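Worksheet: the structure to be examined is printed underneath.
The values are calculated or read from the model by the stated rules, or taken from the named source; none is laboratory data. The model shown is predicted, which means the values in this text are computed figures rather than measured ones. Methodologically, a virtual Cβ is constructed for each residue, glycine included, from the backbone with ideal geometry; neighbour enumeration extends over all protein chains shown. In case anyone asks, the SASA skips ligands and DNA or RNA and just uses the protein heavy atoms, side chains included. Shrake-Rupley method; radii C 1.70, N 1.55, O 1.52, S 1.80 Å.
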Amino acid sequence: MSNVAVQMSMIDITLNIIIYVIDFGSLILDVRKLVVSLILGIVEGLTEFLPISSTGHMILVENVLNCMDDSVMAFTVIIQLGAILSITKIFWNQLYGMGMICIKKIFFKQHDDNNHLCIRHILLGTVPGIMLGMVFYEKIGLIFELTYIMYGLIIGGIFLLVGELCVSTRASCVSDINNITYLQAFLIGCFQCLAFWPGFSRAGATIGGGLLVGLNRRISSEFSFFLAVPIIFGSAVLTLYHYRSFIGLMDALLLIGSSIIAFVIALFTVRYFLKIVQNVSLIPFAIYRFLLAGGIYWGLMT
């Protein structure tokens, strides 16, 4: 065999090895992306509607898995669509009723929403967050760090304890979601703005805010879930539109899979949470927040 033939043979072997390594590396990368997306879907479903900060948990998981980049952060926002679909399924009758009341008012001039939760309540509870988000949108992203999350967990936990204190000392609370006033809806919407601090928790801000303005735990939780629909849906759709050109077929499949996981887990989480808050205070959630903040502090110091 001539030297030229030997050299050509060596080149072929080298190229085959390189191709094999590239293919194997791509496979590992795809498996890693699959595992990360599954974990994020599970965490999203478990934490989105509990007063423990889903954003804080997501950022913490991203740090642990060493996958902190814009694409992953966008991924965690988009899969919230799956979690929010669980709310539409659980509360479909109420959401449908609100929609019909709105349609009757606009097209048939029927004013029968005086004693019912209606779209106006949701708008009043949503507008403060939208306005503040438009003003501070670019600056909010600058505080998505573990240190800020740690403080957000602590302050949000104290906020829950204050809400529990108000409930325990109040003679009576609103126990029917249809009895929420426009003022209460607006004030809860103002409290929701606290969730722009990562780690504070949107659910914690709205549920705790509901307790402060006179709602009981279950009604505060239900109204918190209703407010989540426009806020989370809008945020997820805008993020999806912004990153649409960067989403390939594999990314789309991972998004769909993670969203389905988030949907299923959130479905069980919300139903179970509504059962326990009728008889159990929010103090265990506050304690969990303090412990998690302590764990983050320990991790940052070591």
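Once backbone amide H atoms are built at 1.01 Å from N, PHE91 has no partners under 5 Å, excluding neighbours fewer than 5 places away on the same chain.
Backbone phi angles across the stretch 86-94, fed through the Karplus curve with coefficients 6.51, -1.76 and 1.60 (θ = phi - 60°), yield HN-Hα couplings of 5, 5, 5, 6, 5, 10, 4, 4, 5 Hz in residue order; Gly and Pro are listed as x.
Charge dipole of the chain (Cα centre as origin; +1 on each Lys and Arg Cβ, -1 on each Asp and Glu Cβ, all else neutral): 1040 debye, rounded to the nearest 20.
Please identify, among CYS67, CYS193, CYS118, the residue showing maximal mean-square fluctuation in a Gaussian network model of the chain using a 10 angstrom Cα cutoff. Residue with maximal mean-square fluctuation among CYS67, CYS193, CYS118: CYS67.
For the stretch 57-216, what is the relative contact order in percent, using Cα pairs closer than 8 Å and at least 6 residues apart in sequence?
Relative contact order, the stretch 57-216: 25 percent.
Dividing the mean sequence gap of close Cα pairs (under 8 Å, 6+ apart) by how many residues the chain holds gives a relative contact order of 32 percent.
When all protein chains stay in place and ligands, DNA and RNA are ignored, the 1.4 Å accessible-area order of VAL77, VAL277, VAL64, largest first, is VAL64, VAL77, VAL277.
Protein heavy-atom accessible surface, 1.4 Å probe, per residue over the chain: 54 Å².
Using R₀ = 51 Å, calculate the FRET efficiency as 1/(1 + (r/R₀)^6) where r is the Cβ-Cβ separation of TYR297 and PHE107; round to 0.05. E(calc), rounded to 0.05, equals 0.35. Exposure check, 1.4 Å probe, all protein chains in place: ASP70 carries approximately 110 Å² of accessible surface.
For the stretch 173-267, what is the relative contact order in percent, using Cα pairs closer than 8 Å and at least 6 residues apart in sequence? After rounding, I find 22 percent. Could you please state, rounded to a whole Å, how far the C-alpha centre of the stretch 195-274 is from the C-alpha centre of the stretch 51-97? What the calculation gives is 5 Å, centre to centre.
In sequence order, the stretch 173-185 has phi-based couplings of 10, 5, 10, 10, 4, 6, 9, 5, 8, 5, 5, 4, 4 Hz under the Karplus curve 6.51 cos²θ - 1.76 cosθ + 1.60, θ = phi - 60°, and Gly or Pro positions carry x. Look at the Cα gyration tensor of the chain: its axes a ≥ b ≥ c give a/c of at least 1.5 with a/b over b/c, and that counts as prolate.
Expressed as a whole percent, the accessible surface of the stretch 178-289 that belongs to carbon and sulfur atoms is 73, based on a 1.4 Å probe. Once the Cα atoms of helix 146-169 and of the chain are each reduced to a long axis, what angle between those two axes, in degrees from 0 to 90 to the nearest 10, is obtained? Taking Cα atoms only, the helix is inclined about 20 degrees.
Taking all Cα-Cα distances within the stretch 110-185, those exceeding 19 Å account for 62%.
With the crude spin-label approximation of a point 7 Å out along Cα→Cβ, what separation in nm comes out for PHE246 versus ASN178? Spacing of the two 7 Å Cα→Cβ label points: 4.7 nm. With n ≥ 4 as the cut-off for DSSP H runs, can you work out [θ] at 222 nm for the chain, using -39500 (n - 2.57) per run divided by the number of residues, rounded to the nearest 500? Result for the chain, helices only: -26500 deg cm²/dmol.
Legend: Rg and Dmax of the stretch 141-196, from Cα coordinates, 14.7, 43 Å. Taking R0 as 30 Å, what FRET efficiency do you get between HIS116 and VAL162 from their Cβ-Cβ distance, rounded to the nearest 0.05? After rounding, the FRET efficiency stands at 0.50. Relative to the Cα centre, the charge distribution of the stretch 150-302, modelled as +1 at Lys and Arg Cβ and -1 at Asp and Glu Cβ, gives a dipole magnitude of about 120 debye.
Residues considered: SER235, SER245, SER201. Largest GNM mean-square fluctuation over the chain, using C-alpha springs under 10 Å, is found at SER245. Close amide H partners of VAL174, meaning residues 5 or more places away or on another chain with modelled amide H under 5 Å apart, are LEU215, ASN216. Partners of LYS275 within straight-line reach, counting lysines whose Cα lies under 25 Å from its Cα and excluding those fewer than 8 residues away in the same chain: LYS89.
If R0 equals 30 Å, the separation of the Cβ atoms of ASP69 and VAL31 corresponds to a calculated FRET efficiency of about 0.95. When the chain is treated as a Gaussian network with alpha carbon springs shorter than 10 Å, the biggest mean-square fluctuation among VAL43, VAL174, VAL31 belongs to VAL31.
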